[in-house]
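Peer 1: Provided herewith is a single structure, encoded as structure tokens, for subsequent inquiry.
The values are calculated or read from the model by the stated rules, or taken from the named source; none is laboratory data. Nothing here was measured: the structure is a model prediction, and the numbers come from that model. Ideal geometry is used to build each Cβ from the backbone, glycine not excepted, and the neighbour counts take in all protein chains shown. These accessible areas exclude ligands, DNA and RNA; they are computed on the full protein's heavy atoms, side chains included. Shrake-Rupley method; radii C 1.70, N 1.55, O 1.52, S 1.80 Å.
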Amino acid sequence: HLAALVLARGGSKGIPLKNIKLLAGVPLLGWVLRAAIDAGVFHSVWVSTDHDEIEKVAKQFGAQVHRRSPEVSQDSSTSLETIREFLNHHHEIDIVGNIQATSPCLHPSDLIKVADLIQKEGFDSVFSVVRRHQFRWSEVKKGENKMTEPQNLNPAKRYRRQDWPGELYENGSFYFAKRHLIEKGYLQGGKMAYYEMRAEHSVDIDIDIDWPIAEQRVLRFGYFGKEPLKEVKLLVCSIDGCLTNGRIYVTEDQKEMVSYDYRDIVGIELLKKRGIQVRLISERDCSKTLSAMQLGCVAKVNATNKLQVLEDWRKDIALSWKEVAYLGNEESDVECLKNAGLSGVPADACTVAQKAAGYICKSNGGCGAIREFAEHIFLLLEKVNSARKQ
């Protein structure tokens, strides 16, 4: 029984609840869980946590949850201690693939190859490494009267990068080990093997990268699911709660007024310039409001069945679902969010809509969410174009 195990403690000295903080619109934990489940090599996928919100996210992405004890939830607790406690509760498990939540560019293909190493080729433990081309020098501590010395180079004959194979470093993405090793107190031991990951997939937020850079990396090199990404050609956006903040102001003479963010108008214009159609949808009659905005977008108001409207539009333009993006915020948007190839919600969307979406904006509805989602679409288009060139 090969089990994937992600350790996700609620406490974090650096970023509070880092394991479920949104990274490129997806909880950090979700990136590795998606890769582990889609790999199809694990008999079970687990998250070990001490926190209710982390448990909810883990289950949302299809993992089982082990509630760890307070004894192994301290700042001083080690991964080995936590894994051993997990195994004490799950005697059916023979091999543990300990996957780090802080490695969001992990791909299923890597996990499949590692599973073969440990299940078919007889290795007792396998861990991930990355190749680096970095020259090392000895440290000279303050107050010591001595010179630094080269560790892996001859300064008189420095290698060019292309002439030097570099060195292998652990990157912390995963550590696979058989039960008997872990019970003896080892994560690495017995017949050992390393697995070399591609440098662009070797992202460790804990060690060497900050959040904005990580978002750019994961959007370009991350794993987005089994189905290949397609170029988005249509964005359908809910008016109330996405284009506007959902509030309706009523004057003394009973005229309705709404507010919108100019950034969202710019986002719509940018999408159009990239050849992406933008259409709007609402459950209420807001024709006068749309006319006043002068957006120049096809719109459907009084829509009692949003999914049917979306389906009719998709067929009219002859698009696949993968070419459709949808931005919604309410329970009535859930089926549209589930069917669209790319889905998003504002930060203040209802809970069920957030669970159905693939991307959660940092911005609230009516406060730049459309512009932010547009930027997300543009980055994914770059990923699609890059894949085509490869």
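Peer 1: Which whole-angstrom value gives the distance between the alpha carbon centres of the range 58-137 and the range 282-330?
Peer 2: Going from one Cα centre to the other spans 44 Å.
Peer 1: Mind checking the alpha-carbon convex hull of the range 193-290 and giving the volume per residue in Å³?
Peer 2: Residue-normalised Cα hull volume stands at 184 Å³.
Peer 1: For the range 234-388, what is the percent of antiparallel DSSP beta bridges, rounded to the nearest 5?
Peer 2: The antiparallel proportion sits near 15 percent.
Peer 1: Report the semi-axes of the equivalent ellipsoid for the range 2-99 in whole Å, largest first, where each axis is √(5λ) for an eigenvalue λ of the Cα gyration tensor.
Peer 2: The three semi-axes for the range 2-99 are 19, 18, 10 Å.
Peer 1: Can I ask one more? What do you get for the angle between helix 108-119 and the principal long axis of the chain? Use alpha-carbon atoms, 0 to 90 degrees, nearest ten.
Peer 2: 30 degrees
Peer 1: Rounded to the nearest 10 degrees, what's the angle between the helix 306-317 long axis and the longest principal axis of the chain, both from Cα atoms, 0 to 90?
Peer 2: That helix lies at roughly 90 degrees to the long axis.
Peer 1: Along its three principal axes, how long is the range 115-219 when you only count alpha carbons? Whole Å, largest extent first please.
Peer 2: Between the extreme Cα coordinates on each principal axis of the range 115-219 lie 49, 37, 32 Å.
Peer 1: What is the percent carbon and sulfur in the accessible area of the range 1-52, measuring with a 1.4 Å probe over the protein chains and ignoring ligands?
Peer 2: In the range 1-52, the share of accessible area belonging to carbon and sulfur is 51 percent.
Peer 1: OK, next. One-quarter of the Cα convex hull surface for the range 234-388, in nm²?
Peer 2: Average projection, Cα convex hull of the range 234-388: 9.0 nm².
Peer 1: I've got another one for you. At 222 nm, what helix-only mean residue ellipticity would the chain give, in deg cm²/dmol to the nearest 500, using -39500 (n - 2.57) for each DSSP H run of four or more?
Peer 2: It comes out at -9500 deg cm²/dmol, rounded to the nearest 500.
Peer 1: Taking the convex hull of the Cα atoms, report for the range 264-315 its projected area averaged over all directions, in nm².
Peer 2: Taking a quarter of the hull surface, the average projection is 3.9 nm².
Peer 1: At 1.4 Å probe size, with the rest of the protein present, what percent of the exposed accessible area of the range 234-388 is carbon and sulfur atoms?
Peer 2: Summing carbon and sulfur atoms, their accessible area is 46 percent of the total for the range 234-388.
Peer 1: Moving on to the next point. Write down the radius of gyration of the range 35-83 and its Dmax, each obtained from C-alpha positions, in Å.
Peer 2: 12.0, 33
Peer 1: Continuing with the same structure: Using 0.36 nm per residue of separation minus the Cα-Cα distance, give me the extension gain between HIS107 and HIS133 in nm, one decimal.
Peer 2: Gain in length upon complete extension: 7.1 nm.
Peer 1: Tell me, which longest segment in the chain has none of the GluC sites (Glu not before Pro) that fall in DSSP loops with at most 15 further Cβ atoms within 10 Å?
Peer 2: In short, 253-390.
Peer 1: Right, next: I'd like the orientation of helix 79-89 relative to the chain: the angle between its Cα long axis and the longest Cα principal axis, in ° from 0 to 90, rounded to 10.
Peer 2: Helix 79-89 sits roughly 80 degrees off the main axis of the chain.
Peer 1: For the range 358-375 and the range 1-32, what is the separation of their Cα centres, given in Å?
Peer 2: 22 Å
Peer 1: What residues from the range 1-38 fall in the zone where the backbone N is under 20 Å from a label point 7 Å along the Cα-to-C-beta line of GLN64?
Peer 2: Inside the label zone: 1-9, 30, 32-38.
Peer 1: Compare CYS105, CYS336, CYS297 in a GNM of the chain, Cα atoms joined below 10 Å, and give the one with the largest fluctuation.
Peer 2: Highest fluctuation of the listed residues: CYS297.
Peer 1: Lys and Arg at +1, Asp and Glu at -1: add these up for the other residues within a Cβ distance under 13 Å of PHE174 and post the number.
Peer 2: Net charge around PHE174: -3.
Peer 1: Can you give the accessible area per residue of the chain, in Å², using a 1.4 Å probe?
Peer 2: 51 Å²
Peer 1: Hey, which lysines would be in cross-link range of LYS56, C-alpha to C-alpha under 27 Å, not counting anything within fewer than 8 residues on its own chain?
Peer 2: Candidates past the 8-residue exclusion: LYS13, LYS18, LYS21, LYS226, LYS338, LYS355, LYS362.
Peer 1: With θ set to phi - 60° and the Karplus curve 6.51 cos²θ - 1.76 cosθ + 1.60, what are the ³J(HN,Hα) couplings of the range 26-33 in order, to the nearest whole Hz, using x for Gly and Pro?
Peer 2: 10, x, 3, 4, x, 4, 6, 5
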